[in-house]
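Colleague: Following this message is one structure expressed as structure tokens.
The values are calculated or read from the model by the stated rules, or taken from the named source; none is laboratory data. From a predicted model like this one, the values you see are computed outputs, not experimental measurements. Here the Cβ positions follow ideal geometry from the backbone for every residue, glycine too, while neighbour counts run over all protein chains shown. The area values use the complete protein model at the heavy-atom level, side chains included, leaving out ligands, DNA and RNA. Shrake-Rupley method; radii C 1.70, N 1.55, O 1.52, S 1.80 Å.
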Amino acid sequence: MSDSAHPSVGLPSRRPTRPVAQDLAPQELRILVAVAESGGFSAAAERLGLTQSAVSHAVRGSETKIGAVLFDRGRTGARPTVAGERAVAHARRVLRLLEVLVSEARSAAGPKGGGEGSFEGPLRIAAFRSAALHLLPPVLARLARSHPRIRPELRVVREIGRGGAGEVVDGRADLAVVTLGGPAEVPPGLLSGVLIEEAYALVHPAGHPDPRRLPLLDWDENCGSYTRAWWRRQDWIPAATVKAEDDAMVLTMVGRGMGMAIMPALSLTEVPESVEVTELDEERPTRSVGYVVTAEQAGNPAVRALIRELRVQRDHLGR
């Protein structure tokens, strides 16, 4: 029998194949980020100085290269799909790495031959309120003295939901100061380090004869996961709570005699005279404050310098 009777013998079978993903150019990444952040093609075009048709064409081209729909189009604009959210997060991170590439290369080509001391450019930091107010200022002051060409950009992010870690994952921050060990675990792909362990204390109006009988004041950002088990064992804590916007508002309300609160140490760095702080028992809850960073940004000289200064501050607080 001739080979022509069995034409498929010795040949690979044909199977449906998905489109092969192609590289996206930096400008395509910028357009994806702009559309996601502006909420539409027209707004992104205005932001980037392009025409709406150019933005629309670029997005369609990116979707073709990736093989996925990245935006839901509608009358009110464009919103990222699940695939789009991931693509935009990676786009931000890639664009940030390109910025670091340029900055490091320029530093290395400088008259002193580079090194971390010659690194320049922005350093994007996310932190929850009390860390931004009481932990970071001395850190950033030392960083400015040792690396004057680094430009810190600090954003306060509420430690609710994805919090600061989500800012790092989404490429909006190079490093975030966060609470560790709570119900929301560190997202996969992030590196983390513990800076301080802070204890909770009872906070009440100064001189009150029986503060444990006062109403409990709290705020959403207070890490209940660190205190919940301890609270269940305390029969003196009332079930009803009064919710405030943040820890500063809680301190103000306590100072005006409206109730008591259970607060972590960073929130108690600057306590008014009208407020008294009483230590809890030896089983008092504590929470871990640390940092998170992506693996690629961990090699960023500015991020490395910041982590060193954070560790110096940790050692200073531990003394």
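Colleague: Restricting attention to region 248-268, does a residue exist that is in a loop (DSSP other than H, G, I, E, B) and either of a type in the set (S, T, N, Q) or under 24 Å from the mean Cα position of the chain (by Cα) (or both)?
Modeller: So far as region 248-268 goes, no, none of its residues is in a loop (DSSP other than H, G, I, E, B) and either of a type in the set (S, T, N, Q) or under 24 Å from the mean Cα position of the chain (by Cα) (or both).
Colleague: Return yes when Arg92 is over 30 Å from Pro264 (Cβ atoms), outside any loop (DSSP other than H, G, I, E, B) and in contact (Cβ under 8 Å) with a residue 24 or more places away in the chain and no when it is not. Steps first, answer last, please.
Modeller: Values: over 30 Å from Pro264 (Cβ atoms): yes; outside any loop (DSSP other than H, G, I, E, B): yes; in contact (Cβ under 8 Å) with a residue 24 or more places away in the chain: yes.
So Arg92 passes the test.
Colleague: Looking at region 127-168 only, could you name the residues that are assigned to a helix (DSSP H, G or I) and touching a strand residue (DSSP E or B) at 6+ places or on another chain (Cβ under 7 Å)?
Modeller: Residues of region 127-168 assigned to a helix (DSSP H, G or I): 129-134, 136-146, 163-168.
Of everything in region 127-168, those that are assigned to a helix (DSSP H, G or I) and touching a strand residue (DSSP E or B) at 6+ places or on another chain (Cβ under 7 Å) turn out to be Arg129, Ala131, Ala132, Leu136, Leu140, Leu143, Gly163, Gly164, Ala165, Glu167, Val168.
Colleague: Turning to a different aspect of this structure: Identify all residues within region 66-89 that are closer than 21 Å to Glu167 by Cα, out of contact with any helix residue (DSSP H, G or I) (no Cβ under 7 Å at 6 or more places or on another chain) and not in a helix (DSSP H, G or I); write none if there are none.
Modeller: Arg79, Thr81
Colleague: So which residues in region 188-210 are over 30 Å from Glu309 (Cβ atoms) and either open to solvent by less than 20 Å² (accessible area, probe 1.4 Å) or in contact with a helix residue (DSSP H, G or I) (Cβ under 7 Å, 6 or more places away or on another chain) (or both)?
Modeller: To start, the set of residues in region 188-210 that are over 30 Å from Glu309 (Cβ atoms) comprises 202, 204-210.
Scanning region 188-210 gives Leu202, His204, Pro205.
Colleague: Can you tell me which of (1) modelled with pLDDT of 95 or more; (2) farther than 27 Å from Leu95 by Cα is the one Gly181 doesn't meet?
Modeller: Only one criterion in (1) modelled with pLDDT of 95 or more; (2) farther than 27 Å from Leu95 by Cα is unmet by Gly181, namely (1).
Colleague: Could you look through region 74-96, keep only residues that are open to solvent by less than 100 Å² (accessible area, probe 1.4 Å) and charged (D, E, K, R), and pick out the one that is nearest to Val33 (Cα to Cα)?
Modeller: Arg92
Colleague: Which one of these does Glu99 not meet: (1) open to solvent by less than 60 Å² (accessible area, probe 1.4 Å); (2) at pLDDT below 95; (3) within 20 Å of the chain's Cα centre (by Cα); (4) of a type outside the set (A, V, I, L, M)?
Modeller: Here Glu99 meets the rest and fails (1).
Colleague: Among the numbered criteria (1) open to solvent by 10 Å² or more (accessible area, probe 1.4 Å); (2) more than 17 Å from the chain's Cα centre (by Cα), which single criterion is violated by Phe71?
Modeller: Result: Phe71 passes all but (1).
Colleague: Give me the pairs: first residue in region 272-295 and closer than 12 Å to Leu202 by Cβ and in contact (Cβ under 8 Å) with a residue 60 or more places away in the chain, second residue in a loop (DSSP other than H, G, I, E, B) and open to solvent by less than 70 Å² (accessible area, probe 1.4 Å), beta-carbon distance under 8 Å, and six or more apart or on different chains, which are they?
Modeller: Listed by first residue and then by second, the contacts come to Val275/Ala206; Glu276/Ala206; Glu276/Gly207; Glu276/His208; Val277/Val271.
Colleague: Test Gly299 against the stated conditions and say whether it is open to solvent by 10 Å² or more (accessible area, probe 1.4 Å) and closer than 30 Å to Arg106 by Cα. Steps first, answer last, please.
Modeller: Numbers: open to solvent by 10 Å² or more (accessible area, probe 1.4 Å): yes; closer than 30 Å to Arg106 by Cα: yes.
In short, yes.
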